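The values are calculated or read from the model by the stated rules, or taken from the named source; none is laboratory data. For clarity, every value in this text was computed on a predicted model and none was experimentally measured. Cβ: placed from backbone, ideal geometry, glycine included. Neighbour counts: every protein chain shown. For accessibility, only protein heavy atoms count, side chains too; no ligands or nucleic acids. Shrake-Rupley method; radii C 1.70, N 1.55, O 1.52, S 1.80 Å.
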Amino acid sequence: MDKKTVLSGIQPSGSLTLGNYIGALRNFSDFQNEYECYYCIVDLHAITVPQVPKDLRKNTLEVLALYLACGLNPDKSTIFIQSHVHEHAELAWVLNTITYMGQLNRMTQYKDKSRKYNESINAGLFTYPVLMAADILLYQADLVPVGEDQRQHLELARDLAIRFNNKYSDTFSIPEPFIRSTGSKIMSLQDPSIKMSKSDPDKNAYILLLDDKDTIYKKIKRAVTDSENHIDYNDRQLGLKNLIDIFSSLTDKRTEEIVEMYQNKGYGEFKDDLAEIIIDCLEPIQRRYKELISDKEYLEKIYSIGAIKAERKANNTLRKVYKKVGFVPKPDMIK
Ligand code: TYM
């Protein structure tokens, strides 16, 4: 029987956070044995907000090295850079023509980002979810591991796949999101009502995968809690709830178990233990990352092979799409 397909991507817009890791990246390697996996670094998406070109190049390689350091195996998964496979932009164009403006207007991430960058809202930011749908549909993905904030984008991808299939004929698989019940939305350490994000102006709001031990320890110690001084998991103690979610995600202990473990203990002891758990989890990743990031030749080899493998699959889908919408096939001699 054919293997099912998994696809996901992360933007190279600055260093990755613990939220990216818990919500998405740590799940990626779990699929490698059972599924045909495609993992991309979505640089086309990153330029929908202002980028410094040399930082974008650096961050792209950084995400690639982190993919590998977090257990992605290039012999099992296809790991590639989105802009190396031109089919993404091409399918996005076709999908744009079957996407309703009203649907894009309802996207909460667009609303948030356009508030934040209100002086330079570009059309790319608006059509961003269509490009994401193209990423997914090009590979006929069945499953897309993401954090909760991407659920609405996934809905759009499903919707466009169904609309295209109905309008022409069966072309795309209908993708399902893979979103874990715990850890799919890690919140800011300084304001637990908002998502942990690398673009937060307050550095204490997030932990980066490459933060050193002291920094991690300090950020956890400074994390906002409450004055109840009693460990519990509920919606009144949102700061604590978020920390328990992180604890639970990294130890695979259930939240009730964690609450039980710290019944007669203070927040200080809980935070000390949590900091240690995060440090122990990130230490081997950081060690491996340091080796990889200094080996540019190896990284280049990985993303070159990845681009060839990804393009093969993407081109196969795009050719079908072009044929169905009525484009004249390109003669072989100019392929
Ligand atoms: P991006 O780059 O913002 O985030 C990458 C992944 O990390 C998850 N994530 C989180 N999960 C839990 N808690 C958080 N605080 C947190 N912050 C981020 C995101 O949900 C995401 O899974 N549009 C996507 C990138 C993308 C993509 C795709 C994903 C482009 N094409 C195709 C899947 C399939 C994005 O901006 O993710």
Let me confirm something: among Asp159, Asp112, Asp191, which residue is more than 10 Å from the ligand (Cβ to nearest atom), in a loop (DSSP other than H, G, I, E, B) and of a type outside the set (Lys, Arg)? Asp191
When segment 203-218 is checked residue by residue, the ones that are without any contact (Cβ under 8 Å) to a residue 60 or more places away in the chain and more than 14 Å from the ligand (Cβ to nearest atom) are Lys203, Asn204, Asp212, Asp214, Thr215, Lys218
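Within segment 217-259, count every residue that is of a type in the set (Val, Ile, Thr), crowded, with 21+ Cβ neighbours inside 10 Å and farther than 15 Å from Ile22 by Cα.
The number of residues fulfilling the criteria is 2.
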Pairs, please: C-beta under 7 Å, at least 6 apart or cross-chain, first residue surrounded by fewer than 22 Cβ atoms within 10 Å (Cβ to Cβ) and in segment 173-195, second among the basic types (Lys, Arg) and part of a loop (DSSP other than H, G, I, E, B)? Lys195/Lys185
Restricting attention to segment 11-54, the residues that are within 23 Å of Asp252 (Cβ to Cβ) and of a type in the set (Val, Ile, Thr) number exactly 2
So which of Lys253, Lys221, Lys198 ends up being assigned to a helix (DSSP H, G or I) and either within 16 Å of the ligand (Cβ to nearest atom) or not small (Gly, Ala, Ser) (or both)? Lys221
Provide a single number: the residues in segment 288-335 that are assigned to a helix (DSSP H, G or I) and modelled with pLDDT under 95. 3
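Suppose we filter Ile186, Ile231, Ile207, Ile179 for residues that are over 26 Å from Ser8 (Cβ atoms), aliphatic (A, V, I, L, M) and touching a helix residue (DSSP H, G or I) at 6+ places or on another chain (Cβ under 9 Å); which single one remains? Walk me through it before giving the result.
Working: Ile186 fails: over 26 Å from Ser8 (Cβ atoms); Ile207 fails: over 26 Å from Ser8 (Cβ atoms); Ile179 fails: over 26 Å from Ser8 (Cβ atoms).
That would be Ile231, the only listed residue that is over 26 Å from Ser8 (Cβ atoms), aliphatic (A, V, I, L, M) and touching a helix residue (DSSP H, G or I) at 6+ places or on another chain (Cβ under 9 Å).
Per-residue answers, yes or no, for (1) under 21 Å from the mean Cα position of the chain (by Cα); (2) within 12 Å of the ligand (Cβ to nearest atom):
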site: Phe126; (1), (2): yes, no
site: Ile136; (1), (2): yes, yes
site: Arg151; (1), (2): yes, yes
site: Asp170; (1), (2): no, no
Which pairs have Cβ atoms under 6 Å, sit 6 or more apart or on different chains, and link a residue in segment 311-335 that is among the charged types (D, E, K, R) to one that is open to solvent by 70 Å² or more (accessible area, probe 1.4 Å)? Lys324/Tyr168
Give me the pairs, please: first residue somewhere in segment 6-25 and small (Gly, Ala, Ser), second residue anywhere and open to solvent by 30 Å² or more (accessible area, probe 1.4 Å), beta-carbon distance under 6 Å, and either six or more positions apart or on two chains. Gly14/Lys198; Ser15/Leu208; Ser15/Leu210
